[in-house]
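K.L.:
Here's a structure for you.
The values are calculated or read from the model by the stated rules, or taken from the named source; none is laboratory data. This structure is a prediction, so every number in the text was calculated from the model and none was measured. Note that we place each Cβ from the backbone using ideal geometry, even for glycine, and neighbour counts take in every protein chain shown. With ligands, DNA and RNA removed, areas are computed over all heavy atoms of the protein, side chains included. Shrake-Rupley method; radii C 1.70, N 1.55, O 1.52, S 1.80 Å.
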Amino acid sequence: MNKHHELTDPADEQQITLRGPAELADALPYMMGFHPNDSIVLVALHGNRGRFGGRLRLGIPSSPREWPPVAEQLAECLIEGSERRGQRPDGIVIFLCQDAATDETGHQVMERLRPLAQRLRTACGAFEVPVYEALCISDGRFWSYCCPDARCCPAEGSPLALPGTSVMAAAAAYAGIQVRGSLRQMEGRLAPLTTSSAAEQENALDVAGAALVPRILDDEGRKQVASATLGLADRLMKRIAATPRTGGWAETDAADDRLLTHEEAATVILGLQDRETRDQAAEWMEGPEAAPALRLWRALSRRCVGPYAEHAAAPLTLAGWVAWSTGDEPEARVALGRALRVDPDYVFARLLHQACNEDLDPETLRSCLREARGSRESPGSRRSGEAPNRPRSQRIRRPEGGAGRRALPPTGVRPPGSASADSGRGGRPQGRRGTRRGTKSER
């Protein structure tokens, strides 16, 4: 690594100087809030001392043919995003994180990903922003693609520091920063159920879809469904709030799953496919409502099984919104990234994803939602759960995609560029039931 650059943490009151690739590799999970397995991570650096700035994460494309366009999009997104926030990067650090497959070693992973590292370095150089360091992290070791000195970066790689033993770990502990496992573990909390109960949940979704979709497509029926959906969601939140967390993540999630019947989950999932119902649900974003709401949205995301996987975009986006609203940006990015994987055109997720990545202030949207809730609950307004009587053509349709600390851009405006932090690359799954598409309203 170029020893003329000392990379420092951007904390307001305490700066941590990282000297060399070893300390830089150890700092990555503290910068992200989790261990970003199977990921490309780009971090912007500012000033002579290399202060950390914006960062992007993207899953490593499985096909090398995708690497050139992905590298160009990531470089453009990070650099132009930093410029929009007021400061062009003076340099960039690249991390490639991927565990070895059963038939390869960490060194082989590093060599296999070397062309991707070079593509990323070239893409950043095209914007006249140098790459100070490019690291590959695999199977508990790291390699530098930039440092030729075998004394600090040997060909066999160097072991990562033991957890909790580095200067960054000490500073993070002092600041109360936690690393919450790996990206794979965080995404697992939001993934569809794979237990034997998944078939029962799918059947419940079939039944709920047949009953609710015709009513959603009728103006009067839609109001009734919205009111029933929000009322049931409120009761489920209160049920969750009355059941305190016990143990770790797995125990809490399993307990939450037991609190929801298949029929209740299916009813709320189908009801949330209506945009305005989902927007009202987004008002549970702060104070004592936030924690049970987040647990409910996670649980509902896990219930979107089989051909209903795309329906998870609504609860996943709500989970991302509540996490971002309460200051948990790592979980917000994971949830929103997963929402965009199941439905890349889901506008609300795109808006929130870009806003979170650009470090916009969620208070702008919180204020709007508070105002909407207050006006609806004021005397003489519509009852809670009722939607405004708009022509169906303005509600049940697929719009053009679009997102947006500044005001959020209006829906319907696409963000500039398709690559963004924690963005997913999965295509939309194809359904096998006609009712699935019919429930999708304007996002």
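K.L.:
List, please: which pairs have Cβ atoms under 6 Å, are six or more places apart or on different chains, and start with a residue in the stretch 256-281 that is under 13 Å from L296 (Cα atoms) and end with one that is among the basic types (K, R) and part of a helix (DSSP H, G or I)?
P.N.:
Matching pairs, first to second residue: D256/R295; L259/R239; L272/R278.
K.L.:
Sticking with this structure for a sec: In this structure, does D279 turn out to be open to solvent by 20 Å² or more (accessible area, probe 1.4 Å) and under 24 Å from L352 (Cβ atoms)?
P.N.:
Details: open to solvent by 20 Å² or more (accessible area, probe 1.4 Å): yes; under 24 Å from L352 (Cβ atoms): yes.
Spelling it out, D279 is indeed open to solvent by 20 Å² or more (accessible area, probe 1.4 Å) and under 24 Å from L352 (Cβ atoms).
K.L.:
Is it the case, given these coordinates, that R295 is within 18 Å of the chain's Cα centre (by Cα) and surrounded by fewer than 24 Cβ atoms within 10 Å (Cβ to Cβ)? Spell out how you get there, then give the answer.
P.N.:
Numbers: within 18 Å of the chain's Cα centre (by Cα): yes; surrounded by fewer than 24 Cβ atoms within 10 Å (Cβ to Cβ): yes.
Yes.
K.L.:
I would also like to ask the following. Considering every residue within the stretch 101-111, establish whether at least one is at pLDDT below 90, open to solvent by less than 60 Å² (accessible area, probe 1.4 Å) and aliphatic (A, V, I, L, M).
P.N.:
First pass over the stretch 101-111, keeping only residues at pLDDT below 90: 101-103.
Add one more test, that the residue is open to solvent by less than 60 Å² (accessible area, probe 1.4 Å), and what stays is 101.
The next check asks that each one be aliphatic (A, V, I, L, M); those that pass are 101.
So far as the stretch 101-111 goes, yes, one or more of its residues are at pLDDT below 90, open to solvent by less than 60 Å² (accessible area, probe 1.4 Å) and aliphatic (A, V, I, L, M).
K.L.:
Consider K223 against the criteria (1) at pLDDT 95 or above; (2) within 25 Å of L369 (Cα to Cα); (3) surrounded by 14 or more Cβ atoms within 10 Å (Cβ to Cβ): it satisfies all of them except one. Which criterion is unmet?
P.N.:
The single condition K223 does not satisfy is (1).
K.L.:
Can you give me the ranges of the strands (runs of 3 or more DSSP E) entirely in the stretch 61-148 with at least 3 residues that are closer than 12 Å to L42 by Cα? So that I can check it myself, show each step before the final result.
P.N.:
Details: elements: 91-97, 131-138, 141-144.
By residue number, 91-97, 131-138.
K.L.:
When you look at G188, is it at pLDDT 90 or above and at negative phi, yes or no? Can you show your working first?
P.N.:
Numbers: at pLDDT 90 or above: no; at negative phi: yes.
The answer is no for G188.
K.L.:
Pick out the one residue from R215, R245 that is closer than 25 Å to A291 by Cα and open to solvent by 40 Å² or more (accessible area, probe 1.4 Å). Steps first, answer last, please.
P.N.:
Details: R215 fails: closer than 25 Å to A291 by Cα.
Of R215, R245, the one residue that is closer than 25 Å to A291 by Cα and open to solvent by 40 Å² or more (accessible area, probe 1.4 Å) is R245.
K.L.:
Open to solvent by less than 10 Å² (accessible area, probe 1.4 Å), of a type outside the set (A, V, I, L, M, F, W, C), in a strand (DSSP E or B) and in contact with a Gly (Cβ under 8 Å, 6 or more places away or on another chain) - does that describe any residue in the stretch 39-50? Before you say what the answer is, go through the steps one by one.
P.N.:
At the first step, the residues of the stretch 39-50 found to be open to solvent by less than 10 Å² (accessible area, probe 1.4 Å) are 39-45, 50.
Still in the running and of a type outside the set (A, V, I, L, M, F, W, C): 39, 50.
Narrowing the set further to residues that are in a strand (DSSP E or B) leaves 39.
With in contact with a Gly (Cβ under 8 Å, 6 or more places away or on another chain) added as a condition, the list becomes 39.
Checked against the condition, which is being open to solvent by less than 10 Å² (accessible area, probe 1.4 Å), of a type outside the set (A, V, I, L, M, F, W, C), in a strand (DSSP E or B) and in contact with a Gly (Cβ under 8 Å, 6 or more places away or on another chain), the stretch 39-50 yields at least one hit.
K.L.:
Something else about it: Could you run through the stretch 50-92 and say how many residues are under 21 Å from the mean Cα position of the chain (by Cα), within 19 Å of V109 (Cα to Cα) and of a type outside the set (V, I, T)?
P.N.:
The total comes to 6.
K.L.:
Sticking with this one: Give the stretch 16-38 a look and list any residue that's buried (at least 22 other Cβ atoms within 10 Å of the Cβ) and in contact with a Gly (Cβ under 9 Å, 6 or more places away or on another chain), or say none.
P.N.:
The answer is L18, F34.
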